[in-house]
């Protein structure tokens with residue numbers, strides 16, 4: 001499995017701190033819910049120069065919680081727990097951890113008031129169970145919860161920190177960003193700003209990216225620490241400076257050099273998605289986009305509608321399986337579908353153009369193909385995994401054939417990424433003044 | 001956090017076995033990749049009457065792997081590891097675990113042959129690194145990998161089992177189902193068939209479901225064990241029989257009673273998705289479906305295209321933000337949009353009907369609204385979270401207004417579930433011969 005190298009380890013200027021994350025809940029162990037807290041908290045800490053030492057998921061049972069917490073508290077400097085702060089009798093995490101730490105739980109009138117007010121908003125009165133959530137550690141603090149009734153809890157003891165967070169993501173996430181990160185930063189347990197400058201690239205592999213950027217890094221010697229992280233069609237290059245040999249401004253200058261060198265392989269600084277970068281370029285150029293897809297079934301449209309303010313640039317999308325739909329909604333001539341088949345370079349071009357014209361868009365992306373067994377069977381020259389992508393732009397229209405291995409969801413995701421990257425490159429070139437451009441690979445027509 | 005109760009604990013007939021899952025990889029701890037192995041393996045074991053005792057995610061470092069494996073091996077009966085079997089020098093899990101177990105790694109000619117043949121398929125020759133994957137434990141077995149080069153490894157020692165699986169999901173998942181589950185079942189470490197009969201319901205809450213079914217369960221006393229699991233608009237009720245007081249056929253008869261009692265709140269036995277159930281009903285009734293969506297951005301269409309053979313029943317989908325797109329693609333009259341606004345009961349009905357007519361579909365679902373800040377701003381009577389859903393059916397068209405709290409992705413997901421459930425109920429009633437039906441809640445027009 002690809003390793004992102006040392007990107008998550010703190011710069012040497014930061015004393016190495018061991019973080020453990022305890023995620024509680026039978027629903028995680030039974031595979032009913034994905035462990036999104038690991039993904040979120042892991043990424044947030046990573047940006048501040050810390051890699052979690054361990055994540056342990058255990059059941060809601062008091063005995064299991066006690067055993068695991070004792071072990072983690074002995075091993076780590078910071079223990080973060082998620083879940084188990086609810087109002088029901090199952091939710092005993094608070095009591096168990098207080099017992100391990102030899103602390104009493106005390107009633108917190110301010111929290112009671114917040115809970116009562118929150119219930120009043122919905123015309124309800126809290127029960128005794130709900131008011132269980134108003135207890136805090138005797139020698140500890142409360143992290144107010146703006147989006148739910150269970151506050152977070154914060155304890156400093158034995159030179160260590162315990163931070164207990166509520167389970168619902170819409171409560172946990174703002175609490176973590178607004179309250180937990182600043183507290184940890186104030187105690188020097190993570191960096192007060194992002195630990196690195198991230199250069200995000202798209203459409204080139206990790207080793208080629210490294211080769212391209214190496215001359216820049218060579219000039220700076222051991223003043224810089226470089227780490228690469230590959231994920232979902234993108235490779236991130238994280239540049240930091242051990243012992244703060246370089247200032248943040250100097251690191252940013254190096255990153256700008258890298259971006260310049262990468263040209264259109266450069267996606268963005270930081271963490272933006274490919275769709276977000278496309279959206280920004282479309283808005284900047286005052287252009288509209290339409291999409292049309294078969295095998296990706298709505299995921300391409302969804303990538304753009306995830307971006308805030310999509311109405312400003314997104315003219316619309318069509319998901320069509322049948323030839324009838326292509327003819328009716330997109331004015332694709334029947335003879336073309338009969339001659340070439342719907343899954344063909346010509347078919348992809350026809351639906352892209354149809355979408356652009358019917359929706360009054362300047363650009364249109366089309367993705368068609370065979371993503372997986374059953375949904376749309378591959379045949380002959382086009383086995384499962386074959387995808388055609390077409391791009392309609394103000395100055396022309398192209399299509400290319402791609403082929404992906406793997407299960408349906410992997411094929412869909414890779415095809416969406418390839419389509420987004422193609423559009424992004426065209427928009428980048430248009431922005432740079434290269435009015436007429438040719439696709440880099442697999443160009444047809 | 002809601003607990004699924006005792007559903008994952010083994011029936012008393014099965015000796016309690018402790019399973020631990022070790023998921024390896026910095027990319028998990030840095031939040032770059034979701035821990036899908038926990039979700040998959042946890043669910044697979046849960047179906048066979050086993051709940052994971054613990055899942056631990058650690059880095060790829062040899063020292064961390066050794067420490068964690070020693071601890072887990074001492075505590076558990078079965079230890080499953082994922083990842084760390086790749087060809088690079090980072091991938092040292094095999095060596096570390098062999099050292100802890102006091103075993104040698106030996107070269108396995110059959111695995112070498114499989115690796116070489118796999119490379120030959122792609123016209124390549126394996127390097128020395130790749131052939132590192134041909135080593136197995138001296139006293140252990142190989143689990144062949146049909147979808148990649150790294151085989152799984154299986155060791156029985158000290159009355160315990162170690163099972164090492166490759167990281168890529170398309171390699172791990174079939175290996176787990178086809179090889180690991182049968183081996184564990186043969187050793188009595190999990191049940192040879194599903195541990196329970198699952199009744200899946202949709203559109204009613206956990207407590208109402210429990211109230212409805214309680215009379216059935218009361219008649220069977222302690223012969224049955226019942227557990228409820230709520231997730232994403234559905235509630236599963238798992239019925240098993242402690243000490244096998246009831247045969248599987250008897251449990252199935254009880255489940256059939258429950259299904260009968262639930263009527264249209266019954267979704268399916270087992271694990272099918274709402275879209276799959278709708279698809280089956282559409283195929284059975286030889287009907288076609290179209291969808292049109294704004295705020296859900298393609299997710300509704302995608303739910304149907306995830307079902308195998310979608311072309312047979314899915315006429316197509318439209319994702320439209322602008323009024324222009326609604327007029328151009330769906331023949332919605334401009335005066336209607338001006339009079340009522342696009343986000344209105346009337347607007348939802350108009351786009352549903354337009355989609356059905358233009359795509360030649362018998363049924364059409366429309367979802368429109370304000371899912372989150374930015375993308376489509378809510379205003380006045382329709383704040384963010386307001387969604388209108390419309391259903392066009394052969395015998396009429398209806399729309400209802402819904403309101404969801406939470407962040408954009410939660411609103412989108414809940415709106416998609418509500419739309420799917422509405423269609424499912426209509427199809428269920430059509431199937432049952434109730435030719436004319438009325439929506440249950442929030443009916444308009």
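Tabulated data for the structure shown
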| item | result |
| --- | --- |
| Pick from the stretch A:54-82, criterion in a loop (DSSP other than H, G, I, E, B) and modelled with pLDDT of 95 or more, ranking: surrounded by the fewest Cβ atoms within 10 Å (Cβ to Cβ) | A:77 |
| Selected residue (criterion: farthest from the other protein chains (Cβ to nearest Cβ)) from residues of the stretch A:83-100 that are crowded, with 19+ Cβ neighbours inside 10 Å and in contact with a strand residue (DSSP E or B) (Cβ under 8 Å, 6 or more places away or on another chain) | A:98 |
| Which listed residue, of B:337, B:420, is over 20 Å from residue B:202 (Cα atoms) and not in a strand (DSSP E or B) | B:337 |
| Unmet criterion (only one of (1) at pLDDT below 90; (2) surrounded by 14 or more Cβ atoms within 10 Å (Cβ to Cβ)) for residue A:418 | (1) |
| Criterion violated by residue A:428 - all others in (1) modelled with pLDDT of 85 or more; (2) touching a strand residue (DSSP E or B) at 6+ places or on another chain (Cβ under 8 Å) satisfied | (2) |
| Residue A:107 vs. criteria surrounded by fewer than 16 Cβ atoms within 10 Å (Cβ to Cβ) and within 11 Å of chain B (Cβ to nearest Cβ) | no |
| Check on residue B:167, outside any helix (DSSP H, G or I), in the same structural domain as residue B:36 (by TED's automatic domain parsing) and either closer than 30 Å to residue B:75 by Cβ or in contact (Cβ under 8 Å) with a residue 24 or more places away in the chain (or both) | yes |
| Subset of the stretch A:355-375 [within 8 Å of chain B (Cβ to nearest Cβ) and modelled with pLDDT of 90 or more] | A:358, A:359, A:360 |
| Selection from the stretch A:312-328 of residues that are buried (at least 24 other Cβ atoms within 10 Å of the Cβ), more than 11 Å from residue B:325 (Cα to Cα) and facing chain B (nearest Cβ under 7 Å) | A:319, A:320, A:321, A:325 |
| Residue that is farthest from residue B:50 (Cα to Cα) [pool: residues in the stretch B:214-225 that are surrounded by 14 or more Cβ atoms within 10 Å (Cβ to Cβ) and free of Cβ contacts under 8 Å to residues at least 60 places away in the same chain] | B:216 |
| Flag for residue A:344 being surrounded by fewer than 24 Cβ atoms within 10 Å (Cβ to Cβ), closer than 20 Å to residue A:382 by Cα and either within 26 Å of the chain's Cα centre (by Cα) or within 12 Å of another protein chain (Cβ to nearest Cβ) (or both) | no |
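Rundown of residues vs (1) within 12 Å of residue B:30 (Cβ to Cβ); (2) modelled with pLDDT of 95 or more; (3) within 9 Å of chain B (Cβ to nearest Cβ), yes/no style:
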position: A:32; (1), (2), (3): no, no, yes
position: A:37; (1), (2), (3): no, yes, no
position: A:42; (1), (2), (3): yes, yes, yes
position: A:49; (1), (2), (3): yes, no, no
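Table: residues versus (1) modelled with pLDDT under 90; (2) buried (at least 19 other Cβ atoms within 10 Å of the Cβ).
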site: B:270; (1), (2): no, no
site: B:294; (1), (2): no, yes
site: B:301; (1), (2): no, yes
site: B:309; (1), (2): yes, no
site: B:330; (1), (2): no, yes
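The values are calculated or read from the model by the stated rules, or taken from the named source; none is laboratory data. Computed from a prediction, not measured in an experiment: that's the story for all the values here. Cβ sites come from the backbone with ideal geometry, for glycine too, and all protein chains shown count toward neighbours.
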